[in-house]
Amino acid sequence: MSKSELLQLDIATAGKGLRDGDFTAIELTEAYLDAVEASRELNIFITETPDRAMADAVAADKSIKAGTSSKMTGMPIGMKDLFCTQGIKTTAASNILGEFIPPYESTISARLKAAGTILLGKTNLDEFAMGSSNTTSAFGAAINPWELTEDKKPLTPGGSSGGSAAAVAAGAAIAATGTDTGGSIRQPAAFCGIVGMKPTYGRCSRWGVVAFASSLDQAGPFARTVRDAAIMLETMAGHDPKDSTSAAQATPNFEALIDGGVKGMRVGIPKEYRVEDMPEEIDSIWRRGIEMVTAAGAEVVEVSLPMTMSALPTYYIVAPAEASANLARYDGVRYGARVEGDDLNGMYSATRGQGFGKEVRRRIMIGTYVLSAGYYDAYYKKAQRVRTLISQDFDNAFHSVDALLTPTTPGAAFPIGEKEDDPISMYLNDVFTVPASLAGLPAISVPVGSNENGLPLGLQIIGRPFDEGSVFRLGQALEDAAQFDKRPRLTLEGFK
Amino acid sequence: MSTLIEGREGQWELVIGLETHAQVTSEAKLFSGASASFGAKPNSHVSFLDAGMPGMLPVINQRCVEAAVMTGIALNAEINLVSIFDRKNYFYPDLPLGYQISQFSDPIVGEGWLDIELDEGSTKRVGITRLHLEQDAGKSLHDQDPFRTFIDLNRAGVGLMEIVTEPDIHSADEAAAYVTKLREILRYLGVCDGNMEEGSLRCDINISVRKPGGALGTRTEIKNVNSIRFMREAIAFEARRQVEIIEDGGDIDQETRLFDPDRGETRSMRSKEDSHDYRYFPDPDLPPLVLDTNYIAEIKSRMPELPDAKRSRFVNELGLTEYDANVIAADKSSAAYFEKAAEKAEPKLVANWVMGEVFGRLNKDGLSIVEANVAPEELAALVVMIQDGKISGRQAKEAFEKMWSEGMGALAVIQELGLEQISDDGAIKEMVASVISANPDKVAEFKAGKTQLLGFFVGQVMKASKGKANPKAVNAILQEILGQ
Amino acid sequence: MSLDRETIVRIAKLARIDVEDSEIDGLASELNNILDWVETLNSISTEGVEPMVGVGVSKAPLRMDNTNDGDIAEAVLANAPDPAPPYFTVPKVIE
Ligand SMILES: [Mg+2]
Ligand SMILES: [Zn+2]
């Protein structure tokens, strides 16, 4: 099989090929390492790990031969550079971590390693996962492999897990890990025309993942198909006694849950998501999605989530508040880059003032303010109460429906540099993803079509807590109906 | 007792509230599996969490929860079935996460009280506001290098119970009595070793002065006082300082102060100046700590008897004096030693022996009661022999010395020393009979009314027994036989 | 509730983030815009509504009191700037 052909395979088919002996993990890995190199102009990886990848590939071939392989064995993946990887520089896309090399391995990356995956490298992201366009990365923005036309500006892959999404879309990884705090898996998946899944809060361990907002952060997979996302999530998920917020839930065979079909499922369409001045392309892709699931046998009903528009302001209190404390440990004392100052506080302030980028500083300031004496009740406590109401909205809706279908984003990928002057307009990218984050619900983004410029558009399915099965099933129905098989230019041209 | 202090313009009342930090006796830290023990090589008892590494997460140590619940019960306090861990945010090099995980709005233990004994024999009830669990900080070493402060995180994350009183304390004596009593309870429960020098128990003193019955004054907080003596000195100094400032027309700054034991004075801690705004909020890494009533009942059932209960039982059931009961119950191991011995022998007599000979020898040898060379069972055996009249008190002391120095049992010592008295009626009767038959004239005189000869007969019998006959028994038998 | 320069300076100090004098006005206006926006929540009645801290696990799991970590001083210090093994260091603190 040619390298180009190898790069077209998804996890399900590549796994079969490996087990059938059609090709080896080493061959597959070499193809991907070429792709990683060829796609460098997209600034996808902060750290490439080719030596580690080849060692992983050797081990994978061994385990395939020995018959001890898993569904993920031999799969070359990208790892968001927010997961601590033992012996491999981990940056969170921030200068403040300096040359930090974790002496430990995050639970998720350890599980993926144990399952026989091949680590291609650490992917780019918004600094500390704070952003929706990957532009806050200290290493420069990752670039979306989708292009409007030759002469137009490069597009954002979305954020914060932009590098991971771009890697999978560009064929520089068969799948990748992401983390989603307010939409950081789903939005870049939609922008890059791939599948991104944020599982229920508590499904995936947060141990060893650089924290942004602890009550919201969830890891999840990027993949080319719904089935691949299900396969990969199965490896990532599972109870972790080292994470007190990790759910003591058995991990189902997610792949098996895909095939149930959606006949008789009740799918809610939240009317409040039909926001003012919603672009026609979004409205139309949403209508198409509704038709698709209806045609597949689901029953579509309108539901109301009255607090929808309160979710974003709530998020922009809760997340910065938690972040302001989570990022207090970056003080130049025990690891990371230190900037000397006149005295201890001078060192702290210089280290943090210069080590953090603009958006991170902004959010720490907001978070510090909303927690500070005299403002706690007015902002933080208030936001927590509204969060309760948002969560109750979903509870109520799930009395009458099994899942919700919404757009993932209010638009398609936009050029890098746009929306940079106005934080709030950037924040609005997450308007459809944030509510499910606040409620801790599983949600997936599936590519369903493209806009008139040929850019992919995604739809989001939100499920009940721990009902990833229904989310995957509906996702599969959309994928089957949409037959979205467009690939960005680089993948096709680079490896033909 | 007057607790008022004399100023230039009349009397002032001291108002004191104490915050005591008690280090939980546990294997591991409050949220990590690193050892909580003292004295290790710097930064060796440190996990990645304790070092504040990215992505590390806390998991609550059940031992620390249990210690807090036990202490709460002992302080007659309500145990909150749901409590919350909060983040207390401030920057300091010995605080690796940039926040201390503590409990703020919903502590594990709510209101309670503790009765303290004052010198006059009166008791006073001190209100307990709360008890909460929190992490200890690491250690900053300022004197190792001319330009740098060194950081050792071995203590960072060790579990502490912070026990807060109401402002019910009005003198250094009361404060000392409170800490003494609290330490006694913590040690009884085995939840804290109470070692103030090593810092396992340390007090923050909130102190203000006011005109008796007047409105509360502005308070200062004296941090980390680590002995009862220093506490007395700190309170005396600070009270005087505040009275002088107010009498000079000044105002007290609400501030954190440090007690300097070398100078015997308190001074302002400028480093804490700007850390007032702690921005407490619930730690999103830790779901609520939820206890159920069965768990609490189970802990209660495992709790040892507390000093106050022990004291009153010693007085009411075992017949000890208040004084004896206080002395013996002040220490859990002494009480255990006493109780073990008192199971088999007369408690009051045992108490005398414990407080006299046993404590005396321990003192002399510099040992603690668990190291006593005479086991409580052996002490009991010795006391029983005194009770039964088999040996005299003087002989018992002789025996005790040998038991202690040679580690022998009571019976073996008595036999070896030949101390055992002959109390056997048959044997004494035989000796009495032979003395009577050997002295017919004296018997006749006695019967004629010269009863003072009884002493002569006793002496003869004792002589015949080589001093081993029990004089009481000899007396009784002689009277019985001669009286016929 | 509007942020003035003084508040920006106070918050920056609390957060230990150097802010250049020239940045303060810009930051104030940015943060004010964000705060004005989040204050739209004030129009929502939340009386009697419990605050939501997190989702999922409603009861913290408890760990056994075993020593199963630590004794990794080298790894703990491996990334330290300006270490003086076995210590971390900071600029001299005067108490
Ligand atoms: Mg305190
Ligand atoms: Zn404290």
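List of remarks:
- When the convex hull of its Cα atoms is projected in every direction, mean area for region A:353-481 (nm²): 10.8 nm²
- Taking all C-alpha pairs of region A:383-448, those more than 15 Å from each other amount to 61 percent.
- At 0.890 mPa s and 25 °C, Stokes diffusion of region B:4-295 via Kirkwood alpha-carbon radius, µm² per second: 123 µm²/s
- Charge-dipole axis of region B:257-402 as Lys and Arg at +1 and Asp and Glu at -1 on Cβ define it, positive-most pick from B:Ile328, B:Pro284, B:Ala309: B:Ile328
- In sequence order, calculated HN-Hα J values of region A:410-419 (Karplus, 6.51, -1.76, 1.60; Hz; x Gly/Pro): x, x, 8, 3, 10, x, 4, x, 6, 6
- Unit Cα scatterers, Debye sum, the protein assembly as shown: log10 I(q)/I(0) for q = 0.04, 0.07, 0.08, 0.10 Å⁻¹: -0.30, -0.72, -0.87, -1.19
- Axis of helix B:393-406 versus longest Cα principal axis of chain B: the two differ by about 60°, to the nearest ten degrees.
- Net charge dipole size for region B:425-482 [Lys, Arg +1 and Asp, Glu -1 on Cβ; Debye, nearest 20]: 180 debye
- The chymotrypsin sites (Phe, Trp or Tyr not before Pro) of region B:1-80 that DSSP puts in a loop, and whose beta carbon has at most 15 other beta carbons within 10 Å, are B:Phe38.
- Gaussian network model of chain C, springs between alpha carbon atoms under 10 Å - residue of C:Val57, C:Val76, C:Val19 with greatest fluctuation: C:Val76
- About its Cα centre, chain A has a charge dipole of approximately 960 debye under the convention of +1 per Lys or Arg Cβ and -1 per Asp or Glu Cβ, with nothing else charged.
- Part-to-part distance (alpha-carbon centres) for region A:232-303 and region A:420-479, which is given in Å: 9 Å
- Taking the centroid of alpha carbons for each part, region B:411-444 and region A:359-396 are 94 Å apart.
- Candidate aspartates and glutamates - alpha carbon under 18 Å from A:Lys122, same-chain residues fewer than 8 apart omitted: A:Glu30, A:Asp34, A:Glu37, A:Glu41, A:Glu48, A:Asp51, A:Asp56, A:Asp81, A:Glu99, A:Glu105, A:Asp180
- Placing unit charges on each Cβ (+1 for Lys and Arg, -1 for Asp and Glu) gives region B:425-482 a dipole about its Cα centre, and among B:Val458, B:Ala448, B:Ile477 the Cα reaching farthest toward its positive end belongs to B:Val458.
- Greater than 30 Å apart at Cα, pairs in B:Lys181/C:Lys59; A:Lys358/A:Lys486; B:Lys29/C:Lys92; A:Lys16/A:Lys113: B:Lys181/C:Lys59; A:Lys358/A:Lys486
- Under a model in which nothing but the beta-carbon of Lys, Arg (+1) and Asp, Glu (-1) is charged, region B:305-417 shows a dipole of about 140 debye around its Cα centre.
- Residues of region C:13-48 with amide N under 17 Å of the 7 Å Cα→Cβ point at C:Arg5: C:13, C:19-32
- More than 41 Å apart - percent of Cα-Cα pairs taken over chain A: 13 percent
- Distant-in-sequence amide H partners of B:Asp115 (H built 1.01 Å from N, under 5 Å): B:Val126
- Förster radius 51 Å - calculated FRET efficiency between B:Arg302 and B:Gln415, Cβ distance, rounded to 0.05: 0.75
- Rounded Å value of the spacing that divides the Cα centres of region C:6-26 and region B:365-407: 75 Å
- Eligible lysines near A:Lys198 by straight Cα distance, threshold 19 Å, same-chain separation 8 or greater: A:Lys80
- Neighbour-limited loop hits for trypsin sites (Lys or Arg not before Pro), region A:110-180 (at most 14 other Cβ within 10 Å; DSSP other than H, G, I, E, B): A:Lys152
- Local electrostatic count, A:Arg329, Cβ distance below 12 Å [Lys/Arg +1, Asp/Glu -1]: +2
- Phi-derived couplings, Karplus 6.51 cos²θ - 1.76 cosθ + 1.60 at θ = phi - 60°, listed residue by residue for region C:6-19: 4, 5, 4, 5, 5, 5, 4, 5, 4, 8, 6, 10, 4, 10 Hz, with x used for Gly and Pro.
- Distance between modelled label sites at B:Asp119 and B:Glu244, nm, 7 Å Cα→Cβ extension: 2.4 nm
- Charge-dipole axis of region B:106-228 as Lys and Arg at +1 and Asp and Glu at -1 on Cβ define it, positive-most pick from B:Val191, B:Asn206, B:Ile128: B:Asn206
- Between 0 and 90°, nearest 10: helix B:228-247 axis offset from chain B longest Cα axis: 50 degrees
- Karplus-derived HN-Hα couplings along region B:69-81 (A = 6.51, B = -1.76, C = 1.60, θ = phi - 60°), whole Hz, x at Gly and Pro: 5, 4, 5, x, 4, 5, 8, 6, 10, 7, 9, 7, 5
- FRET efficiency for the pair A:Ala114 and B:Val290, taken as 1/(1 + (r/R0)^6) with r the Cβ-Cβ distance and R0 = 25 Å, rounds to 0.15.
Every number in this text was worked out from the coordinates using simple rules, so none of it is lab data. Bear in mind the structure is a predicted one, so any value in this text is a computation, not a measurement. Here Cβ is always computed from backbone atoms with ideal geometry, including for glycine, and neighbour counts include all displayed protein chains.
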